[in-house]
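Notes follow once the structure below has been shown.
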Amino acid sequence: MALLEVKNVKKIYTTRFGGSQVEALRNVSFSVEPGEYVAIMGESGSGKTTLLNILAGLDRPTAGRVYLKGNDLARVKEKEMAAFRRQNLGFVFQDFNLLDTFSLRDNIFLPLVLSGKKYPEMECRLEPVAAKLGIAGILGKYPYEVSGGQKQRAAVARAVITRPQLILADEPTGALDSRASDELLRMFAQLNRDGQTILMVTHSVKAASTAGRVLFIKDGEVFHQLYRGSLANEQLYQKISDTLTVLATGGERR
Ligand SMILES: Nc1ncnc2c1ncn2[C@@H]1O[C@H](COP(=O)(O)OP(=O)(O)OP(=O)(O)O)[C@@H](O)[C@H]1O
Ligand SMILES: [Mg+2]
């Protein structure tokens, strides 16, 4: 069974005054198998964040369905949604969303605290994650005391510590310099090799070229998909660049 199934999702935003409508997603359908690493690309305003918000249950589609492990998100009650999200999904936000009044350790523990885990179990879970991400030595520090790359790693730790079915990342390299960005991409690749399913929105061709599949969104629909197959990152990079050129020049769907 697909881990994630998106069926004919449509999203129309209606502005509060004047009632003008924006069709952010026209008709999006795709699915993600367990263990896949999928990148989503598309011009600014093409609906990528809208899509992620819907997949995360932070927003409801105007039409269409989203299934996570066969569960229809529309059937999850509003008051159960937060718990559902915590149990199934991990997020990495573009701006990390770490709380400045909490140490990195407490930031990472937060989703576990919210789901009522005991302290020894939290410690047990943290140890391998922190070691893998190279932040074991700075867990007592506060977000404002560490670098952007270190904050990013803490944000990744917070996303994976609940052992989510699916990681959703919205431009996770957007705020990073090239070194920290490379590091994050290596980390994602490693997590994926260990079996973690990842869905990452990105503007960066380099970031997308580390994924196993790239979805291109245009005019609120999936315009094209590229599969890595046996391609090396550099070859996939070239194919992505070519596709973006076709997209930007309004070429025919392939
Ligand atoms: N809350 C909202 N109310 C009304 N319109 C919205 C809202 N959020 C997004 N939109 C509109 O929906 C469209 C898609 O926006 P979205 O944020 O999903 O794009 P995006 O692909 O993530 O862009 P970017 O790459 O710049 O982050 C845009 O036209 C945007 O202006
Ligand atoms: Mg966006």
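For the stretch 19-45, the set of residues classified as touching a Phe, Trp or Tyr at 6+ places or on another chain (Cβ under 9 Å) and within 11 Å of ligand 1 (Cβ to nearest atom) consists of 21, 22, 23, 24, 40, 41, 42, listed by residue number. Per the listing 71, 53, the residue uniquely under 14 Å from the mean Cα position of the chain (by Cα) and under 19 Å from residue 3 (Cα atoms) is 53. Within the stretch 59-94, the set of residues being assigned to a loop (DSSP other than H, G, I, E, B) and within 18 Å of residue 198 (Cα to Cα) comprises 69, 70, 93, 94.
For residue 30, state whether it is of a type in the set (Phe, Trp, Tyr) and either touching a helix residue (DSSP H, G or I) at 6+ places or on another chain (Cβ under 9 Å) or exposed (fewer than 12 other Cβ atoms within 10 Å of the Cβ) (or both).
So residue 30 fails the test.
Apart from one condition, residue 192 fits all of (1) in contact with a strand residue (DSSP E or B) (Cβ under 8 Å, 6 or more places away or on another chain); (2) of a type in the set (S, T, N, Q); (3) within 16 Å of ligand 2 (Cβ to nearest atom); the exception is (3). Of the residues making up the stretch 56-66, those that are open to solvent by 60 Å² or more (accessible area, probe 1.4 Å) and more than 16 Å from the chain's Cα centre (by Cα) are 60, 62, 65.
Surrounded by 16 or more Cβ atoms within 10 Å (Cβ to Cβ), more than 16 Å from ligand 2 (Cβ to nearest atom), part of a loop (DSSP other than H, G, I, E, B) and of a type outside the set (D, E, K, R): is that true of residue 98 in this structure?
Details: surrounded by 16 or more Cβ atoms within 10 Å (Cβ to Cβ): yes; more than 16 Å from ligand 2 (Cβ to nearest atom): yes; part of a loop (DSSP other than H, G, I, E, B): yes; of a type outside the set (D, E, K, R): yes.
Yes; evaluated as a whole, the condition is true for this residue.
Could you tell me which of the residues 164, 172 is crowded, with 21+ Cβ neighbours inside 10 Å, assigned to a loop (DSSP other than H, G, I, E, B) and in contact with a strand residue (DSSP E or B) (Cβ under 6 Å, 6 or more places away or on another chain)?
On the way: 164 fails: crowded, with 21+ Cβ neighbours inside 10 Å.
Only one candidate qualifies: 172.
Only strands (runs of 3 or more DSSP E) whose full extent lies in the stretch 180-253 are considered here, and the ones with at least 1 residues that are crowded, with 22+ Cβ neighbours inside 10 Å and within 16 Å of ligand 1 (Cβ to nearest atom) are 197-201, 213-218. Here residue 16 meets each of (1) loosely packed, with under 14 Cβ neighbours inside 10 Å; (2) away from ligand 1 (no atom under 14 Å from the Cβ) with one exception, condition (2).
Does residue 138 satisfy the criteria of being buried (at least 21 other Cβ atoms within 10 Å of the Cβ) and at pLDDT 95 or above? When the stated conditions are applied, residue 138 does not pass them. Looking across the stretch 40-67, the residues that are touching an Asp or Glu at 6+ places or on another chain (Cβ under 8 Å) and more than 16 Å from ligand 2 (Cβ to nearest atom) come down to 65, 66, 67.
The values are calculated or read from the model by the stated rules, or taken from the named source; none is laboratory data. Source: prediction; values computed, not measured. Using ideal geometry, Cβ is built from the backbone for each residue, glycine included, and neighbour counts are taken over all protein chains shown. Each accessible area value is taken on the protein alone, full model and side chains, heavy atoms only, with ligands, DNA and RNA left out. Shrake-Rupley method; radii C 1.70, N 1.55, O 1.52, S 1.80 Å.
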